[in-house]
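Let me begin by presenting the structure, written as structure tokens, before commenting on it.
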Amino acid sequence: MKAQPPLQNKDLPEQPKILLVDDDEVNLLLTAVALRERGFEVTEAPSGTQALAQLSACAPDMIVLDAMMPELDGFETCKLLREKPGFESTPVLMLTGLDDDASINHAYQVGATDFFVKSSQWSLLAGRLRYLLRSSRTRIELERSKARLARAQDLARMGSFEWYANSGFTLAAEALRVFGRGPHEPIDFIGVMRMVPREERALFLRLLRDVIAHNSVLVTDLPVTLLDGRQRVVHIEAEPEFNELGNANGYTGVLQDVTDRRHAEDRIRQLAHFDALTGLPNRRQLIWRVERAIEQARRGGHEVGLLLIDLDRFKIINDTLGHAAGDELLVEVGRRLRGCVRHSDQVMEGMLETVGGRSHRTLEAVGRLGGDEFVALLPEVADERDAERVAERVLEAMREPIFLSGQECFVTASIGIAIFPRDGQTMADLLRNSDVAMYAVKSQGRNASALYTPQLAGRGREKLELESALHKALERGEIVLHYQPKIDVRGARMVGAEALMRWKRGDTLVPPSDFIPLAEETGLIVPLSEWALKEAARQAKIWQLNFGFSDSIAVNLPSRMFERSDLVEHIHQCVSAYGVPHRAIQLEITENNLMKDLQNVIPALHRLNEVGVEISIDDFGTGYSSLAYLTTLPISEVKIDRTFVRDLGITPQSSAVVTAIIALARAMGLRVIAEGVETLRQMDVLHRLGCSLMQGFLFSKPLPPEEVERWLAQTVLPRKAPWIARAHGELDPGADSAASGAPYPVGSLR
């Protein structure tokens, strides 16, 4: 017998394993040899009993059974091996010489895969075996794919369904799990509808009727309540099926539990449109709401109110109690603000048109713009009084104390109000103008509300222009120093001068009250003060050369300068550059600035004192100084504030305060100088109380350096000045004179 080449198939093992079972030794041998020649690995078994015993050891890819065997025939052997784990789907070919239908049917009933009539046509047998192997592999892969698909559908909470006119509504096993049912708990269409809330059910049935009428695709989300009470959202997609005549006869589709996805989408939408801390609408959502409110107002011919609410001194609470307390405060403020308007969180993009004819009213809300700024949107107001009433409710809500970190705190707010269309046509306009009104409230004392007016915007623009010009003033040489002499009235001589910054903006002299606060607010006060120190040292050198000036020029120093670690080195460079001693520069610090950051100021004061720079406390008596600190500070001079000098000789309280300051200064070994002296009466009282060092318009206003030089160079006899005569008892005590603003000729003051 000539061996035939084995059949090749890339999907089959190189040498498929066959368990061949036959009680006829000749047939067993011949068949085994033929199959081996055709590329099979054959294990022989002479009986069904031995075949069952050999199953686990040989692990065959296929079993070939002789149907007729003694004791245990092929039919019974097939039945028993099908009961063994792992062999439920192994291909079994039954070899039989019988050709009756009963035997064939019996073979299939006991689990045979196929049958083959015994013959010597070995190639046909080998071909049938390879075909069965390929079919088995295909079936196994199909079952695996179905299992993977079922697993994927189970993980995705997805399943399929069919709905045909003749067979009704059928859910696959995976679809039953979506509705919380097991494989043996079928549910019909009516049962599914009972799980849908009544109002949603009516909408779905209306949609379904429309889809069926037009043979269109069904895509929708359906809320359902499972038997265990859980609320789920099921996404449904279905397409129509058509018969051979082209008529629609039903639908097939898939459904999926998308509850988690819907929650995630809702969370993303929440993060995109609402503030994570307070839960209020954020800037993006506020812009959308305001723009929609303006559109509706244009159609309806009504007004829109926008309130910008800024917390007063929030930074103090945040810095003192910590950011956690600051966040807690913002949450509480947000809660209170929600109670002041008809707040609605539910209106989102694309939903406004479905609410109804007065839908714009649902836009009303309070939102957080950022930081400690909030916005209240009033989408329809009759007039500005409506907006003012809401602002008053907000201010009233803020008056109740708030407990933060176990401490009772009070917070107030400044509110700016803008009205559409009067104060702007866009969201940007309303926000900008309400911001202008809010800052006007801040500048007037806070804890109030104000309506926007064009005049406020004008002041805001002026401030912005002034700030811009101030940035360039130094490099343009517009900042100058004027000097006001300090006078010793007993000796009728000048004992120093105070350097005061002035801004020559073109032909205009900008008052210090206009630009010094602005410089402090913007931080420009630091470079301005650095320049003033250099300029004062330069001027001290000029006067030293021209007039033998040996006293000091006082420069006002803001507390921010003490934040510089190189302050002492900077002053040293200033005086060294012009060759004047350190004592040529005196530093004046206001009492409030001194006490604001005392712990950081003290080390710098000691270093300055060590190199010979004297320290003077300006505006003494107006702050909250601790006497214990004053006794340890390295200061040389205190200046009595002009508010106490103004009423000298008029109210006894002023004389009492000045007397106390003079006594305190003497006890501490400090010089004392009175500023703001404008009348002979004030000078006379100060002189009698023991203060002989003075500064004010009675002697001279602040002058440019060249005018100070002319003032010093005059040679008119000193006793012609009324204040000198009074100091020497040569003027009628009843006489008085207010300074005219012009300096008195006192050449002997040098």
Item checked: Residue in the stretch 416-424 that is assigned to a helix (DSSP H, G or I), buried (at least 17 other Cβ atoms within 10 Å of the Cβ) and aliphatic (A, V, I, L, M) present -> no
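Among THR278, THR252, THR220, which is touching a residue at least 60 places away in the same chain (Cβ under 8 Å), more than 30 Å from PHE420 (Cβ to Cβ) and either open to solvent by less than 60 Å² (accessible area, probe 1.4 Å) or within 22 Å of the chain's Cα centre (by Cα) (or both)? Let's see the steps before the verdict.
Numbers: THR278 fails: more than 30 Å from PHE420 (Cβ to Cβ); THR220 fails: touching a residue at least 60 places away in the same chain (Cβ under 8 Å).
Testing whether each residue is touching a residue at least 60 places away in the same chain (Cβ under 8 Å), more than 30 Å from PHE420 (Cβ to Cβ) and either open to solvent by less than 60 Å² (accessible area, probe 1.4 Å) or within 22 Å of the chain's Cα centre (by Cα) (or both) leaves just THR252.
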Check: Got a number for residues in the stretch 649-706 being in contact with an Asp or Glu (Cβ under 8 Å, 6 or more places away or on another chain), surrounded by 14 or more Cβ atoms within 10 Å (Cβ to Cβ) and farther than 27 Å from LEU500 by Cα?
Finding: 1
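Can you tell me which of ILE553, ILE525 is within 17 Å of ALA499 (Cβ to Cβ) and in contact (Cβ under 8 Å) with a residue 40 or more places away in the chain?
Values: ILE525 fails: in contact (Cβ under 8 Å) with a residue 40 or more places away in the chain.
When all the criteria are applied, what remains is ILE553.
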Item checked: Single residue of the stretch 485-500 satisfying the filter (out of contact with any Phe, Trp or Tyr (no Cβ under 8 Å at 6 or more places or on another chain) and assigned to a strand (DSSP E or B)) that is nearest to SER692 (Cα to Cα) -> ASP488
Check: Out of all the residues in the stretch 113-135, is one or more surrounded by fewer than 17 Cβ atoms within 10 Å (Cβ to Cβ), hydrophobic (A, V, I, L, M, F, W, C), at pLDDT below 85 and part of a loop (DSSP other than H, G, I, E, B)?
Finding: no
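What tally of residues in the stretch 541-590 results from selecting those that are aromatic (Phe, Trp, Tyr) and either farther than 16 Å from VAL495 by Cα or open to solvent by 50 Å² or more (accessible area, probe 1.4 Å) (or both)?
Keep residues of the stretch 541-590 that are aromatic (Phe, Trp, Tyr), which gives 543, 547, 549, 562, 578.
Among the residues that remain, those that are also either farther than 16 Å from VAL495 by Cα or open to solvent by 50 Å² or more (accessible area, probe 1.4 Å) (or both) are: 547, 562, 578.
Of the residues in that region, 3 qualify.
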Checklist line | Candidates GLY367, GLY326, GLY339, filtered to the one that is at pLDDT 90 or above and closer than 20 Å to TYR439 by Cα | finding: GLY367
Margin query: Just to verify a result, which residue in the stretch 434-484, among those that are basic (Lys, Arg) and assigned to a helix (DSSP H, G or I), is farthest from PHE410 (Cα to Cα)?
Written below: LYS472
Checklist line | Considering residues of the stretch 100-146 that are of a type outside the set (A, V, I, L, M, F, W, C), touching a helix residue (DSSP H, G or I) at 6+ places or on another chain (Cβ under 9 Å) and touching a residue at least 40 places away in the same chain (Cβ under 8 Å) only, the residue farthest from LEU65 (Cα to Cα) | finding: SER123
Next item on the list: Please verify whether the stretch 386-403 includes one or more residues that are without any contact (Cβ under 8 Å) to a residue 60 or more places away in the chain and buried (at least 21 other Cβ atoms within 10 Å of the Cβ).
Entry: no
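Do the conditions hold for LEU35, that is, is it in a helix (DSSP H, G or I), at pLDDT 85 or above, open to solvent by 60 Å² or more (accessible area, probe 1.4 Å) and under 24 Å from LEU72 (Cβ atoms)? Before the answer, list the steps.
Numbers: in a helix (DSSP H, G or I): yes; at pLDDT 85 or above: yes; open to solvent by 60 Å² or more (accessible area, probe 1.4 Å): no; under 24 Å from LEU72 (Cβ atoms): yes.
Judged against the criteria, LEU35 is not a match.
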Next item on the list: From (1) at pLDDT below 90; (2) within 27 Å of the chain's Cα centre (by Cα), pick out the condition that doesn't hold for ILE294.
Entry: (1)
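Being more than 20 Å from ASP23 (Cβ to Cβ) and open to solvent by less than 80 Å² (accessible area, probe 1.4 Å) narrows it down to one residue among ALA51, ALA147; which is it?
Details: ALA51 fails: more than 20 Å from ASP23 (Cβ to Cβ).
On inspection, the qualifying residue turns out to be ALA147.
The values are calculated or read from the model by the stated rules, or taken from the named source; none is laboratory data. What you see is a predicted model; the values in this text were computed from it and never measured. As a convention, Cβ positions derive from the backbone with ideal geometry for all residues, glycine included, and neighbour counts pool all protein chains shown. Ligands, DNA and RNA are stripped out before the accessible areas are found, and what is left, the full protein with its side chains, is counted by its heavy atoms. Shrake-Rupley method; radii C 1.70, N 1.55, O 1.52, S 1.80 Å.
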